[in-house]
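FYI, it's all coordinate maths here, none of it is from the lab. Small disclaimer: the values here were computed from a predicted structure and weren't measured. Because the Cβ atoms are built from the backbone with ideal geometry, glycine has one as well, and the counts that use them run over all protein chains shown.
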């Protein structure tokens, strides 16, 4: 039974190190974009555009209508 808990602890350490590495790999291109302002602005515009498109597609797929009451 002690080997079971040792394996559970090893698995948790492996999981944490894998997630930390994944986050670092994902964030590293964003950090390099900050050095060039024009790329930062273009990336920001593209990201906002993709969010808007995703919102509109989901809105149409789910049949959600915006109701604005004043």
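Odds and ends about this structure:
- Summed over qualifying helices (DSSP H, 4 residues or more, each -39500 (n - 2.57)) and divided by its residue number, the chain shows a 222 nm mean residue ellipticity of -30000 deg cm²/dmol.
- Förster radius 25 Å - calculated FRET efficiency between residue 32 and residue 11, Cβ distance, rounded to 0.05: 0.15
- On full extension, the segment bounded by residue 64 and residue 41 gains 5.2 nm, given 0.36 nm per residue less the C-alpha separation.
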